[in-house]
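Single-structure report; data block below.
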Amino acid sequence: MFQTDQPSAVLTLPTPAAAGTQGYFTNGNPVSGVAPTILDADFMNMIMMELINVVTAAGLTPSKTNNSQLLAAIKAIGSTGQLTNPGFLRTPFGFVMQWGTITTSASADLAVIYPTPMPNATFSVFTSAQMTSAGAMTGWNSPTVNGFNINGWNPNGGNRAAVLASWLAIGK
């Protein structure tokens with residue numbers, strides 16, 4: 001995306017005309033006397049600046065030779081996150097995925113606090129014992145927008161256990 005650089009272009013944005021009645025484009029109809037819609041400078045400047053603003057908001061420098069900047073900008077703005085452990089990813093559609101590892105407590109549920117709160121709710125949590133905790137199981141309960149409780153179990157004795165666990169939470 002790039003601003004127009006034609007010799008007739010001006011250096012500052014002209015003041016747009018007062019807003020009129022909103023409508024739609026037409027090719028016109030010479031038989032019925034309907035004139036075609038004229039693409040005026042106000043409209044073209046508005047479209048150009050809307051697109052330029054998306055590109056620059058994503059931290060990109062407008063380029064005349066890169067025809068995929070708008071797509072790259074939408075992806076960059078729409079998906080944000082912290083790709084660490086623990087970490088999270090916000091999708092362009094409002095979903096949030098969060099993940100991490102933790103060692104559970106052998107005596108009580110342990111609170112997992114998300115790296116960032118879910119905007120509205122936690123939909124589901126998935127937990128699993130890592131291979132270093134062979135035979136162990138994990139479970140979870142009490143999900144909120146801020147986290148959930150995790151526990152580890154030794155299935156052979158039915159006792160709580162300190163288990164190295166991975167977790168994944170999905171919410172919106």
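The values are calculated or read from the model by the stated rules, or taken from the named source; none is laboratory data. These numbers were taken from a predicted model, which means no experiment stands behind them. Because the Cβ atoms are built from the backbone with ideal geometry, glycine has one as well, and the counts that use them run over all protein chains shown. Just so you know, the surface numbers come from the protein's heavy atoms only, side chains and all, with ligands and any DNA or RNA stripped out. Shrake-Rupley method; radii C 1.70, N 1.55, O 1.52, S 1.80 Å.
Quick rundown of the values:
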| quantity | calculated |
| --- | --- |
| Distance cut-off 18 Å, percentage of C-alpha pairs in segment 36-172 lying past it | 65 |
| Per residue accessible area in Å² of the chain, where ligands, DNA and RNA are left out and the probe is 1.4 Å | 66 |
| Expected-Rg normalisation [2.2 N^0.38 Å, Cα atoms] applied to segment 1-103 | 1.65 |
| Per-residue HN-Hα couplings for segment 55-63 [Karplus 6.51, -1.76, 1.60; θ = phi - 60°; Hz; x = Gly/Pro] | 4, 6, 5, 7, x, 8, 9, x, 10 |
| 15 Å beta-carbon shell around residue 14, net charge (K/R +1, D/E -1) | -2 |
| Tilt relative to the chain, helix 69-78 - C-alpha long axis, 0 to 90 degrees, to 10 | 40 |
| Fraction of accessible area attributable to carbon and sulfur, the chain (%, probe 1.4 Å) | 61 |
| The chain: relative contact order in percent, alpha carbon pairs under 8 Å with at least 6 residues between | 18 |
| Which of 163, 145 is most accessible, then next, and so on - probe 1.4 Å | 145, 163 |
| DSSP loop chymotrypsin sites (Phe, Trp or Tyr not before Pro) with at most 13 other Cβ within 10 Å excluded, longest remaining stretch of the chain | 94-172 |
| Residue 74 - accessible surface, heavy atoms, 1.4 Å probe, Å² rounded to 10 | 90 |
